[in-house]
1. What percentage of the solvent-accessible surface of the chain, computed with a 1.4 Å probe over protein heavy atoms, is contributed by carbon and sulfur atoms?
2. Nearest 0.05, what FRET efficiency do V38 and F12 give at R0 = 30 Å with Cβ-Cβ as r?
3. Taking the chain as a Gaussian network, Cα atoms linked when under 10 Å apart, which of V81, V114, V96 shows the biggest mean-square fluctuation?
4. Place the peptides 98-105, 87-94, 20-27, 41-48 in order of packing, highest mean first, counting for every residue the other Cβ atoms within 10 Å and averaging per peptide.
5. What does the net charge come to around V53 if you take all other residues with beta carbon closer than 13 Å to its beta carbon, with K and R at +1 and D and E at -1?
6. So if each residue of separation counts as 0.36 nm, and I subtract the Cα-Cα distance between D83 and R63, what length gain in nm does that give?
7. Accessible area per residue for segment 2-96 in Å², computed with a 1.4 Å probe and the full protein assembly in place, what is it?
8. Against the 2.2 N^0.38 Å scaling, with N counting residues, where does the chain land? I'd like the Cα-based Rg ratio to two decimal places.
Amino acid sequence: MTKNMLDRDPSFYDEVAASDKPYQLAILNADGTEDGLVLDILGSQSEVVQMEVNRLVNDRRKRKAQAAAVAKGEPLDFTPVEDDISFGHRLTAVRVVGWNLKAPFSAEAAYRLVSRSARISEQVTAASNDLGNFTSASSES
(Lines give C-alpha, C1' and ligand atoms only; values in the text may rest on other atoms or scores of the structure.)
Protein backbone atom coordinates (compact mmCIF):
# COMPACT_ATOMS: atom_id res chain seq x y z
CA MET A 1 0.00 0.00 0.00
CA THR A 2 1.39 3.37 -1.02
CA LYS A 3 0.99 6.21 1.40
CA ASN A 4 0.41 9.70 0.09
CA MET A 5 2.44 12.07 2.21
CA LEU A 6 0.43 15.09 3.26
CA ASP A 7 2.13 18.40 3.78
CA ARG A 8 0.16 19.23 6.91
CA ASP A 9 0.96 19.97 10.48
CA PRO A 10 -0.96 17.88 13.05
CA SER A 11 -2.57 21.11 14.24
CA PHE A 12 -4.59 21.00 11.01
CA TYR A 13 -6.72 18.39 12.79
CA ASP A 14 -7.13 20.35 16.04
CA GLU A 15 -10.92 20.34 16.27
CA VAL A 16 -10.80 21.72 19.82
CA ALA A 17 -9.04 24.90 18.69
CA ALA A 18 -11.33 25.16 15.66
CA SER A 19 -14.37 24.88 17.93
CA ASP A 20 -13.08 27.78 20.03
CA LYS A 21 -13.54 30.16 17.08
CA PRO A 22 -17.11 31.49 17.12
CA TYR A 23 -19.50 30.53 14.33
CA GLN A 24 -22.25 32.97 13.36
CA LEU A 25 -25.62 31.24 13.57
CA ALA A 26 -28.55 33.00 11.89
CA ILE A 27 -31.63 32.06 13.92
CA LEU A 28 -34.60 30.80 11.92
CA ASN A 29 -38.31 31.23 12.58
CA ALA A 30 -40.61 28.22 12.71
CA ASP A 31 -41.40 28.71 9.01
CA GLY A 32 -37.68 28.54 8.10
CA THR A 33 -37.25 32.24 7.38
CA GLU A 34 -34.41 34.14 8.99
CA ASP A 35 -35.36 35.98 12.17
CA GLY A 36 -32.54 38.53 11.94
CA LEU A 37 -30.95 37.43 15.21
CA VAL A 38 -27.38 36.19 14.75
CA LEU A 39 -25.59 34.42 17.61
CA ASP A 40 -21.87 33.79 17.87
CA ILE A 41 -21.52 30.21 19.14
CA LEU A 42 -18.68 27.88 20.07
CA GLY A 43 -18.46 24.27 18.99
CA SER A 44 -19.27 21.45 21.37
CA GLN A 45 -15.60 20.43 21.31
CA SER A 46 -14.48 23.91 22.39
CA GLU A 47 -12.22 23.91 25.42
CA VAL A 48 -14.38 26.66 26.95
CA VAL A 49 -17.55 24.60 26.45
CA GLN A 50 -15.97 21.39 27.72
CA MET A 51 -14.58 23.07 30.85
CA GLU A 52 -18.02 24.44 31.75
CA VAL A 53 -19.75 21.13 30.98
CA ASN A 54 -17.23 19.31 33.17
CA ARG A 55 -17.70 21.84 35.98
CA LEU A 56 -21.48 21.43 35.87
CA VAL A 57 -21.30 17.62 35.79
CA ASN A 58 -18.74 17.59 38.62
CA ASP A 59 -20.94 19.86 40.74
CA ARG A 60 -23.88 17.52 40.21
CA ARG A 61 -21.80 14.43 41.04
CA LYS A 62 -20.44 16.11 44.15
CA ARG A 63 -23.96 16.90 45.40
CA LYS A 64 -25.02 13.32 44.73
CA ALA A 65 -21.99 11.91 46.57
CA GLN A 66 -22.63 14.22 49.53
CA ALA A 67 -26.25 13.10 49.68
CA ALA A 68 -25.18 9.44 49.62
CA ALA A 69 -22.87 10.10 52.57
CA VAL A 70 -25.68 11.41 54.75
CA ALA A 71 -26.38 9.13 57.70
CA LYS A 72 -29.29 6.71 57.41
CA GLY A 73 -32.59 8.11 58.53
CA GLU A 74 -32.03 11.43 56.83
CA PRO A 75 -34.51 12.59 54.19
CA LEU A 76 -34.01 11.19 50.71
CA ASP A 77 -32.13 13.59 48.46
CA PHE A 78 -33.36 14.03 44.91
CA THR A 79 -32.77 16.39 42.03
CA PRO A 80 -35.89 18.31 41.02
CA VAL A 81 -36.74 18.27 37.32
CA GLU A 82 -36.24 22.04 37.28
CA ASP A 83 -32.55 21.46 38.07
CA ASP A 84 -32.26 19.11 35.09
CA ILE A 85 -33.90 21.67 32.82
CA SER A 86 -31.67 24.47 34.08
CA PHE A 87 -28.63 22.21 33.65
CA GLY A 88 -29.55 21.64 30.00
CA HIS A 89 -30.01 25.37 29.43
CA ARG A 90 -26.60 26.09 30.96
CA LEU A 91 -25.01 23.48 28.67
CA THR A 92 -26.52 25.33 25.70
CA ALA A 93 -25.91 28.90 26.94
CA VAL A 94 -22.17 28.37 27.41
CA ARG A 95 -21.89 27.90 23.64
CA VAL A 96 -23.27 31.41 22.93
CA VAL A 97 -20.50 34.03 23.09
CA GLY A 98 -22.07 37.02 21.36
CA TRP A 99 -24.97 38.36 19.31
CA ASN A 100 -26.14 41.16 17.07
CA LEU A 101 -28.73 42.54 19.51
CA LYS A 102 -28.52 46.10 20.83
CA ALA A 103 -28.92 44.67 24.33
CA PRO A 104 -25.53 44.00 25.92
CA PHE A 105 -24.31 40.42 25.74
CA SER A 106 -23.56 38.51 28.94
CA ALA A 107 -23.47 34.86 29.94
CA GLU A 108 -26.63 35.33 32.01
CA ALA A 109 -28.41 37.07 29.13
CA ALA A 110 -27.48 34.15 26.87
CA TYR A 111 -28.84 31.74 29.51
CA ARG A 112 -32.11 33.67 29.65
CA LEU A 113 -32.37 33.67 25.83
CA VAL A 114 -31.90 29.92 25.44
CA SER A 115 -34.01 29.09 28.49
CA ARG A 116 -36.94 31.08 27.12
CA SER A 117 -36.81 29.85 23.50
CA ALA A 118 -36.62 26.15 22.68
CA ARG A 119 -36.41 27.14 19.00
CA ILE A 120 -33.20 29.08 19.58
CA SER A 121 -31.81 26.56 22.06
CA GLU A 122 -32.26 23.67 19.62
CA GLN A 123 -30.61 25.62 16.77
CA VAL A 124 -27.63 26.59 18.97
CA THR A 125 -27.07 23.00 20.08
CA ALA A 126 -27.39 21.58 16.55
CA ALA A 127 -25.03 24.16 15.03
CA SER A 128 -22.54 23.77 17.87
CA ASN A 129 -22.53 19.99 17.44
CA ASP A 130 -21.94 20.28 13.68
CA LEU A 131 -18.16 20.18 13.44
CA GLY A 132 -18.35 21.32 9.82
CA ASN A 133 -19.30 24.78 11.07
CA PHE A 134 -15.88 25.12 12.71
CA THR A 135 -13.53 23.26 10.39
CA SER A 136 -12.85 23.53 6.71
CA ALA A 137 -13.00 20.16 5.01
CA SER A 138 -10.14 19.70 2.61
CA SER A 139 -9.51 16.85 0.22
CA GLU A 140 -6.27 18.50 -0.90
CA SER A 141 -2.86 17.47 0.36
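1. Working: 5230 of 9890 Å².
Carbon plus sulfur share of accessible area: 53 percent.
2. Details: r = 28 Å, r/R0 = 0.94.
Using R0 = 30 Å, I get an efficiency of 0.60.
3. In the Gaussian network model the winner is V81.
4. Working: 98-105: 11.9, 87-94: 19.1, 20-27: 16.8, 41-48: 21.2.
Per-residue mean Cβ counts within 10 Å order the peptides as 41-48, 87-94, 20-27, 98-105.
5. On the way: positive: R55, R60, R61, R90, R95; negative: E47, E52, D59.
After counting each charged neighbour, the total is +2.
6. Numbers: separation 20, 0.36 × 20 = 7.20 nm, distance 1.22 nm.
So the chain would gain 6.0 nm between D83 and R63.
7. Values: 6790 Å² over 95 residues.
On a per-residue basis, 71 Å².
8. Numbers: Rg = 19.7 Å, N = 141, 2.2 N^0.38 = 14.4 Å.
Expressed relative to 2.2 N^0.38 Å, the Cα Rg reads 1.36.
The values are calculated or read from the model by the stated rules, or taken from the named source; none is laboratory data. Predicted, not measured: the structure shown is a model, and the values here were computed from it. Positions of Cβ are backbone-derived with ideal geometry, glycine not excepted, and every protein chain shown enters the neighbour counts. Just the protein is used for accessible areas: all its heavy atoms, side chains included, with ligands, DNA and RNA removed. Shrake-Rupley method; radii C 1.70, N 1.55, O 1.52, S 1.80 Å.
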